[in-house]
1. Within 10 Å, count the other beta carbons around each residue, average over each peptide in 7-20, 58-71, and list them highest first.
2. Taking only protein heavy atoms into account and a 1.4 Å probe, give the accessible area per residue of the chain in Å².
3. Considering only protein heavy atoms and a probe of 1.4 Å, how much of the accessible area of the chain is carbon and sulfur, as a whole percent?
4. Using just the alpha carbons, could you tell me how many Å³ per residue the convex hull of the chain encloses?
5. Work out the FRET efficiency for Glu35 and Asp2 from their Cβ-Cβ distance, taking R0 = 35 Å, and round it to the nearest 0.05.
6. So for each of 82-89, 22-29 I average, over its residues, the number of other beta carbons within 10 Å; can you give me the resulting order with the highest mean first?
Amino acid sequence: ADVLVTSVYGMRCKKMHRGIDLALEVGDTIASAFEGYVRKTGYDYGGYGRFMVVRHLNGLETVYGHLQTCLLDEGTEVKSGQSIALGGNTGRSTGPHLHFELQKNGTYLNPIYYVD
């Protein structure tokens, strides 16, 4: 399905937005971008809300923020396209959306160039 990007990677209100925001409805299924394992789940009151970090076989990590529910526990292996979470509106959020980040060795990458 077509997904609407509601905020791009880059400067936003004099602050770096290190991911992209994708429109969704609360409860929509979120799928893993690539194969790997769940490295971390948690709740960040200052920004991401409920989030999940997936470590991939090539060293990349994807971060999924503002989730309603994480469907998998830390350490769980995931396949590309597997359901991992439900979209939400948690943390510092102006409405339901998925905040999606891509990192490698602590460096943030623009996801738009790596994920179709």
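1. Final packing ranking: 58-71, 7-20.
2. 58 Å²
3. Reported share for carbon and sulfur atoms: 49 percent.
4. 98 Å³
5. 0.90
6. 82-89, 22-29
The values are calculated or read from the model by the stated rules, or taken from the named source; none is laboratory data. Every value quoted in this text rests on a predicted model; they were computed, and no experiment measured them. As a convention, Cβ positions derive from the backbone with ideal geometry for all residues, glycine included, and neighbour counts pool all protein chains shown. Ligands, DNA and RNA are excluded from the accessible area calculation, which covers all protein heavy atoms including side chains. Shrake-Rupley method; radii C 1.70, N 1.55, O 1.52, S 1.80 Å.
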